[in-house]
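The values are calculated or read from the model by the stated rules, or taken from the named source; none is laboratory data. Model, not experiment: these values are computed from the prediction. Using ideal geometry, Cβ is built from the backbone for each residue, glycine included, and neighbour counts are taken over all protein chains shown. Just so you know, the surface numbers come from the protein's heavy atoms only, side chains and all, with ligands and any DNA or RNA stripped out. Shrake-Rupley method; radii C 1.70, N 1.55, O 1.52, S 1.80 Å.
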Amino acid sequence: MHRAADAVAAVIRAGIIPAALEMMDRKATAAVEPFVRAGYDLDAAAILLVESDGTPEEVADQVAEIEQVLRRAGAGVLRVSSDDAQRALWWSGRKNAFPAAGRISPDYYCMDGTIPRRHVGRVLEAIEAMEARYGLRCMNVFHAGDGNLHPVILFDANEPGSWERAERFGAEILELCVELGGTITGEHGVGIEKINSMCVQFSAAERAAFFAVKEAFDPAGLLNPGKLIPTLARCAEYGRMRVHAGALAHPDLPRF
Amino acid sequence: MSTPAAALAAIRDRVLAAAASGAKLRLRGSGTKDFLGERLDGQVLELGAHRGIIAYDPSELVVTARCGTTLSELEAALAARGQFLPFEPPAFAGDPTLGGIVAAGLSGPRRMYAGAARDFVLGARLLNADGEVLRFGGEVMKNVAGFDLARLLCGSYGILGIITEVSLKVLPLPRQEETLRLELDPDAACAAFDRWAGQPLPLSAAAWHEGRAWIRLSGAAPAVRAARARLGGELVPTDQARAWWKSVRDCHLPLFTQARLWRLSLPAAVGPLALPRPNLLDWGGTLRWYVGEGSVDFRAIAAAAGGTALRWRGDASAERFHPLSAASHALHVRLKERFDPRGIFNPGRLVRDL
């Protein structure tokens with residue numbers, strides 16, 4: 001896993017910016033493969049999908065270079081798509097990772113944290129430790145080139161306390177992203193659902209600046225009140241609720 | 001030699017003292033853009049001592065540095081690792097600081113093809129009127145948590161507070177770079193730039209000056225080679241090409257000493273304007289420079305075409321920047337009031353009454 005993460009950094013360091021650079025861990029490929037039959041190597045701890053675009057000459061040059069970098073980085077199996085159909089099939093596995101999660105688990109919760117690329121390996125290890133702690137599985141599918149993680153936490157909402165654990169698990173991943181210099185959301189944004197994690201990423205003064213901008217554009221406060229920026233009171237409440245390094249004291253109690 | 005923490009503390013002290021006394025502060029890095037702005041007002045607060053690169057890891061494609069770090073220092077550090085700032089910030093007549101580069105938000109010839117300064121600002125720290133340091137954005141490529149205030153600061157000319165630190169996205173230097181020169185009149189050059197912009201060509205700059213179009217191609221060697229064969233023209237020797245693009249970026253052509261000079265920023269593919277021929281085209285024809293003549297109303301003509309006109313030199317009675325619409329002006333006023341209620345920072349620099 002660490003080597004896959006290092007391979008991503010090695011590609012960038014070589015001065016190559018592929019059109020797409022995606023990573024799936026073994027849990028993700030195992031979930032997708034029976035469903036999509038993309039031909040993924042199920043023995044690999046992780047697979048990388050790297051796409052190159054441009055003129056035919058450019059692509060040929062870049063693919064050769066990427067192959068070299070990945071081989072040096074310790075890739076077990078290297079395959080280059082031979083036609084468009086094969087390319088589309090390999091991508092369909094990646095694109096169907098979320099529906100595939102729905103096949104192997106009654107419910108799933110998808111996160112969207114971003115971290116500096118150098119910490120990818122470390123975060124994936126931390127997530128593994130959290131899986132044991134929260135008693136939930138988590139598969140990883142992500143935009144490795146951008147350090148944008150999409151941990152998919154698997155749970156069963158019918159099981160009492162399961163959703164609360166999934167939510168805490170997700171919040172802990174996001175807190176780790178912030179701690180490592182990243183962010184709680186790379187592309188999906190904050191509405192209501194991740195609003196508490198905003199308290200972790202931004203100080204009271206920073207949140208006040210967001211409200212200042214909100215007021216400048218919407219002086220009467222008509223538009224989507226209560227979304228995106230948490231109030232001081234909400235963050236104080238969330239601060240009291242947060243319990244470090246583990247689940248809540250009474251996970252069986254419903255919380256509102 | 002003061003430490004960064006001491007330099008920052010000294011800056012904060014000046015801000016707090018100004019807040020207490022009602023003084024105004026004029027923020028200054030290297031002063032390369034002193035000529036740009038509505039007016040310079042307030043006691044000079046030098047920011048150049050808060051300098052230095054804080055973090056740079058080439059495999060992250062990000063550099064984080066303090067506001068006083070100079071462009072030449074940044075460029076040298078990046079070049080040593082085969083990378084660069086794709087938005088090509090202009091240096092003008094000196095060596096600008098990172099804080100000033102972001103506060104002015106100006107970009108060079110590559111802007112049309114690689115993106116503007118704003119697109120490369122991933123994060124920034126702002127020292128506000130209460131002396132607090134706020135952190136917006138971050139050091140990661142993708143980040144949509146909260147409002148994108150790091151990018152609001154880009155082009156704010158320091159009126160919202162002091163940009164103390166910035167994280168910029170950087171890119172690997174192009175493998176191959178070549179410049180072609182073609183004899184064309186300015187309308188034909190614009191038409192060609194528009195046509196090429198819609199084709200898979202590795203363009204990184206397209207300018208026109210004194211009867212000749214200059215085209216820069218950057219990218220993988222086979223792509224540059226194929227594009228060169230297709231576009232034709234004369235290949236400009238590397239050193240000469242570098243010097244030319246630098247003189248366009250930094251406004252060092254003789255044109256820039258004219259007594260009256262206007263800079264029009266226009267939408268793509270806007271076609272010829274009801275004006276005499278331009279003196280310089282950049283950004284594939286969307287940036288046009290004109291020597292002022294008689295009573296030609298550059299503002300009205302730019303606005304009618306959906307663009308803006310910046311008064312670069314001369315015509316001093318006109319505002320420097322293109323006037324804001326009433327709605328946009330009201331937004332500027334409300335943002336300024338909330339970020340800097342006592343009006344400490346760079347009064348009148350961006351908007352005359354702010």
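Here are the numbers for the structure shown:
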{"quantity": "Per residue solvent-accessible surface (Å²) - chain A, probe of 1.4 Å", "calculated": "47 Å²"}
{"quantity": "Cα centroid separation - region B:268-331 against region B:101-137, whole Å", "calculated": "24 Å"}
{"quantity": "Helix-only mean residue ellipticity at 222 nm for chain A, each DSSP H run of n ≥ 4 adding -39500 (n - 2.57), per residue, nearest 500", "calculated": "-15000 deg cm²/dmol"}
{"quantity": "Relative frequency of Cα-Cα separations exceeding 22 Å in region A:108-256, percent", "calculated": "43 percent"}
{"quantity": "Alpha-carbon centroids, region B:44-80 and region A:1-52: separation in whole Å", "calculated": "33 Å"}
{"quantity": "Rg/Rg_globular for region A:1-104, with Rg_globular taken as 2.2 N^0.38 Å and Rg from C-alpha atoms", "calculated": "1.07"}
{"quantity": "Overall dimensions of chain A as given by Cα atoms, namely Rg and Dmax in Å", "calculated": "20.3, 62"}
{"quantity": "Pairwise burial A:B, computed as accessible area of each alone minus the pair, summed, 1.4 Å, Å²", "calculated": "3300 Å²"}
{"quantity": "Separation between Cα centres of region B:172-239 and region A:96-144, rounded to whole Å", "calculated": "45 Å"}
{"quantity": "Fraction of antiparallel bridges per DSSP, region B:1-159 only, in percent to nearest 5", "calculated": "70 percent"}
{"quantity": "Disulfide-incompatible cysteines by the Cβ rule (no partner under 4.7 Å) in chain A", "calculated": "A:Cys110, A:Cys138, A:Cys177"}
{"quantity": "Taking the C-alpha atoms of the protein assembly as shown, convex hull volume expressed per residue in Å³", "calculated": "173 Å³"}
{"quantity": "Chain B, accessible surface, carbon-and-sulfur percent (1.4 angstrom probe)", "calculated": "53 percent"}
{"quantity": "Kirkwood Rh, Cα atoms: Rg over Rh of chain B", "calculated": "0.97"}
{"quantity": "Length-normalised contact order of chain A in % [C-alpha pairs under 8 Å, at least 6 apart]", "calculated": "19 percent"}
{"quantity": "Largest-first ellipsoid semi-axes for region B:176-313, taking √(5λ) over the Cα gyration tensor eigenvalues, angstrom", "calculated": "27, 17, 11"}
{"quantity": "Rounded to the nearest 10 Å², the accessible area of B:Ile54 at probe 1.4 Å", "calculated": "70 Å²"}
{"quantity": "Accessible surface of B:Lys169 - all protein chains present, 1.4 Å probe, nearest 10 Å²", "calculated": "60 Å²"}
